[in-house]
There are 6 protein chains.
Amino acid sequence: MRSDVLADHMLRGFYIGRFQPYHDGHHRMVERIAGEVDELVLGIGSADDSHTRHDPFTAGERIMMLTKALEDADLVIYPVPIEDLDRNAVWVSHVQSMSPTFEIAYSNNPLVVQLFTEAGVEVRQSPMFDRERLEGTEIRERMIADDGWEALVPDAVVDVVEEIDGIERIQRVSETDGADSYRADTTADPE
Amino acid sequence: MRSDVLADHMLRGFYIGRFQPYHDGHHRMVERIAGEVDELVLGIGSADDSHTRHDPFTAGERIMMLTKALEDADLVIYPVPIEDLDRNAVWVSHVQSMSPTFEIAYSNNPLVVQLFTEAGVEVRQSPMFDRERLEGTEIRERMIADDGWEALVPDAVVDVVEEIDGIERIQRVSETDGADSYRADTTADPE
Amino acid sequence: MRSDVLADHMLRGFYIGRFQPYHDGHHRMVERIAGEVDELVLGIGSADDSHTRHDPFTAGERIMMLTKALEDADLVIYPVPIEDLDRNAVWVSHVQSMSPTFEIAYSNNPLVVQLFTEAGVEVRQSPMFDRERLEGTEIRERMIADDGWEALVPDAVVDVVEEIDGIERIQRVSETDGADSYRADTTADPE
Amino acid sequence: MRSDVLADHMLRGFYIGRFQPYHDGHHRMVERIAGEVDELVLGIGSADDSHTRHDPFTAGERIMMLTKALEDADLVIYPVPIEDLDRNAVWVSHVQSMSPTFEIAYSNNPLVVQLFTEAGVEVRQSPMFDRERLEGTEIRERMIADDGWEALVPDAVVDVVEEIDGIERIQRVSETDGADSYRADTTADPE
Amino acid sequence: MRSDVLADHMLRGFYIGRFQPYHDGHHRMVERIAGEVDELVLGIGSADDSHTRHDPFTAGERIMMLTKALEDADLVIYPVPIEDLDRNAVWVSHVQSMSPTFEIAYSNNPLVVQLFTEAGVEVRQSPMFDRERLEGTEIRERMIADDGWEALVPDAVVDVVEEIDGIERIQRVSETDGADSYRADTTADPE
Amino acid sequence: MRSDVLADHMLRGFYIGRFQPYHDGHHRMVERIAGEVDELVLGIGSADDSHTRHDPFTAGERIMMLTKALEDADLVIYPVPIEDLDRNAVWVSHVQSMSPTFEIAYSNNPLVVQLFTEAGVEVRQSPMFDRERLEGTEIRERMIADDGWEALVPDAVVDVVEEIDGIERIQRVSETDGADSYRADTTADPE
């Protein structure tokens, strides 16, 4: 909940990530944002990707992670899956049409910052970007090894991952990571 | 909140509609469903359509309608936009991947019922379907006339529609409904 | 099998239809074509449509109908699903890329004839077009009534339809054919 | 060329139509717009549609019609094909990304007017919309009859249509306009 | 033809590959599968890709390879092109809708195995996967050098490749494999 | 303007590139082509890509670059955006439908040459390909450093780039070029 007591109108923020999975780095970001807005839209990017080393979880599974991890937060959240249109020029319009109206976008991703800026939407950044990015890759690697990933994500996320047999899935699909094709682990079309 | 006190595990339902707009017919359906489940996914169909007589509101606007209208309901809800893939054969898989896991689907739409049935998902129907369908068309017509639509939707929806100048929009885009093309009011490409 | 004994090279024909379902009208067409070619590609159009009154069967189900109905024909056939690209200007190239090479196209559909003609592909027509078209619509109506459709299709098709509970499916999805939307029976997104 | 001599900076307009074909109604509109801008972008809508009664000509053919008809106009023009994304919410962004920057949009199409208005782009209307729309439908009907269409289009357009055998094409594809399917004349997938 | 004489019902298998080209490794796999099923669906993955170093042949060309190479096999086969939907979550439904019904899937590709497993479809694996994958890459490299590829594919495939000037094609398109873009050899859009 | 005085009919050429940005290498190519044709279609490939290190500019911005750089050329030009269909097999048909009719294609890109050759379209090559390709990558790198890029592009292009704040954009979006994902700089979906 925002702490600016002079505010007399509702302020909604927007924060997008792939959340593969939703982890402590994201959680810290949300906590910081919560002090500045009343409500927060959590855009789940690459909503149509799943079952790969890079994007193991479906949009529905990520909605569950977000919702349960933020159940007790003093903040109204909207987890919204955002499909890839692969057209950067319309990305902001697309995101705006899929989401409740928001006034402030939060991101450190330079492309996201550039697109919002060109569209005239206020963007706030934080120096924590690298921390978020590295944690995601690190966590997935630890999941493949099934060793030490639980320490980097909220408990609720551990529950969801275990419920969907997520470790087994990411291990299985990562075996596809062979020499033949850069697409080896994003598609089900083998040799 | 479900009233079956013998239940010892969480049951989640799924109810899909276009919600153009979310109205009292939908609301009554949700209230009935609430007695049977703990949580409810509200699939917002044709998420990519907007600005037409048939589908005036964006997915984001419909998320706001649902969320605010059900703010005080004793039910955890998940408003989830579902994009059209135009492939009925994969529709159930698509919906399942975009949504938190659900056990029961609620629908009276025969196609939806058939698809879920073929996929082995439990579907529950109600005799209220026609009431829901007719109300949607009726409400949009009243919105175009800006006369009497407020009585058929929750107060929260009135607020959202007024906030986004929804009446002016549906009136404007309905003027496109001319003789030339069946697509006249779904596309911005004129003669 | 083609009857032109002077032929010394392999001639392949191409015949496209939606085959919803494959019926006696199609069968008569194939029999006539068989006298002119050695092999025949059967393009299954609108391969991505299914579960509607207009297109009840999936591409896979139609492949089974064609294959079984033509099991004993003295003709090598290739049932090939052709997805809709919704771009008439590239339709011929698309069909050619999805199909074994063919020299002659068979169709009475004026659009198909025009596209092949513009592309320089030889097209042969027959006056039987209306018979084929009318039979398709008639057969689906009879299926909805579950009365008299068996007489208009090969026995093998009756078997396939019964195996997949096709009558129940087309009956169920046709109930969606209501007043609200032209799309009512092609999509699973209700009111 | 714009006649506002006080202007000291370059003003570019945007006018979209399907131009099936580019006709005198469009030409009169362009002439009026020419008095208000220095340059004009002519958006060719539904660029991916062709070979139908409603949309007989390809984008390339329409580019030729526009270019030749406006060869001697005292106005710099940009014919730009605009593909359908079937997403009204991103339509303005899409058009802006495909087009040289423009300051003023010209349209009478209510949907186009609404979308530009919501996006904050200045839109100018004219009472001539019906004239343009009716002429397009009328011209295509006359083309099918090959009687009297030449009088309603610029001479350059007559040349292009004859060069591409456009009359034969629209006549042929219009034969598909039968009873079976609403899509009969937009797709090459027959019964 | 399956050798299990106690079987009293028809069993159909499903085996997917890109078959670029269909080679001896695939052939050995098909021979082994033939001992377990009555009929076999051969899914041709990435059906929409062609003219690249990684995917040189069209779906139609691959259908010819498969059909001719298995002409004399004691097994009913269905070569079915499967287009990429780039949505792993619906891949199994998609494949099932495009294919005649099958009971057993054969694959060693971990992603394919995972997707079928999650969908409850029986999957059988073999230790030969690496052999298949390596042969495909090796064969295409030998084709580029036009040296020694014939020894690794069935004679019928040699005929098809020569008929379509396949060696010249893969040599030409592989020249695009330069430094500028990872997409250099998959798209016709150069610098 | 073509210099072959014996020509008595209009000859149109086709030259495709991404033009990111339009530079001196392209300009020299156009100048050479101008001696052989009357009119030239400039296909702008990957029209739907923008805001990345590899493809920084939108189709509309590239149309402006081309038009202004060739304002005084003695050659009629048609800048035409060509969207990616990701289907090489229909690429030529697609390009032909989007473009005014052309007789000769100019390209050094081996894939483009192969596709046009298979389609029976005359292709002319030049040894300058590497020069064009290397300049594009070099120029974008210099733009990121904002040092020395102006010398490699026509003055008109410098104007356009400065007008759209192109240097700031390519610098900003190139910061996304990190370790996590090959897609990092083509999509707005971060970790």
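Put a dot 7 Å past each Cα toward the Cβ at D:ALA119 and A:ALA73; how far apart are the dots in nm? About 3.2 nm separates the two model spin labels.
Under the criterion of Cα pairs below 8 Å and six or more residues apart, the relative contact order for the range E:12-174 equals 29 percent. Nearest to the axis that brings chain F onto chain B is this chain F residue, judged by its Cβ, with the distance in whole Å: F:ASP48, 8. The relative contact order of the range F:41-84 comes to 57 percent, based on Cα pairs under 8 Å that sit 6 or more residues apart. Per-residue Karplus couplings for the range B:21-36, computed as 6.51 cos²θ - 1.76 cosθ + 1.60 with θ equal to phi - 60°, are listed in order as x, 5, 10, 4, x, 4, 4, 5, 4, 4, 4, 5, 4, 4, x, 10 Hz, Gly and Pro entered as x. Convex hull volume of the C-alpha atoms in the range D:39-82, normalised per residue: 60 Å³. In this assembly of identical copies, the label point of D:GLU122 (Cα plus 7 Å along Cα-to-Cβ) is separated from its counterparts by 2.8, 4.9, 6.2, 6.2, 7.2 nm, sorted shortest first. A Förster radius of 41 Å, combined with the Cβ-Cβ distance separating E:SER126 from D:ASP86, puts the computed FRET efficiency at roughly 0.40. For B:GLU31, the point set 7 Å out from Cα toward Cβ sits 4.1, 6.3, 6.3, 7.1, 7.9 nm from its twins in the other copies, listed from shortest up. What separates the D:ASP72 label point from its copies, with the point 7 Å along Cα to Cβ, is 2.7, 7.4, 7.4, 7.4, 8.2 nm, written shortest first. Buried area at the B:D interface is about 2300 square angstrom, summed over both chains, from accessible surfaces computed with a 1.4 angstrom probe.
For E:LYS68, the lysines whose Cα falls under 26 Å of its own Cα, not counting residues fewer than eight places away in the same chain, are C:LYS68.
For peptide B:74-85, the mean count of partner chain Cβ atoms within 10 Å of a residue's Cβ comes to 4. Taking all Cα pairs closer than 8 Å and separated by 6 or more residues, the relative contact order of the range F:1-100 comes to 30 percent. Within 10 Å of the Cβ of each residue in F:40-47, the mean number of Cβ atoms contributed by other protein chains is 3. Gyration tensor analysis over the Cα atoms of the range F:12-174 returns equivalent ellipsoid semi-axes of 26, 17, 14 Å (largest first, whole Å).
The values are calculated or read from the model by the stated rules, or taken from the named source; none is laboratory data. Quantities reported herein were computed from a predicted structural model and do not represent experimental measurements. No Cβ is skipped: glycine too gets one built from the backbone with ideal geometry, and neighbour counts run over all protein chains shown. Calculation scope for accessible area: heavy atoms of the full protein, side chains included, ligands and nucleic acids excluded. Shrake-Rupley method; radii C 1.70, N 1.55, O 1.52, S 1.80 Å.
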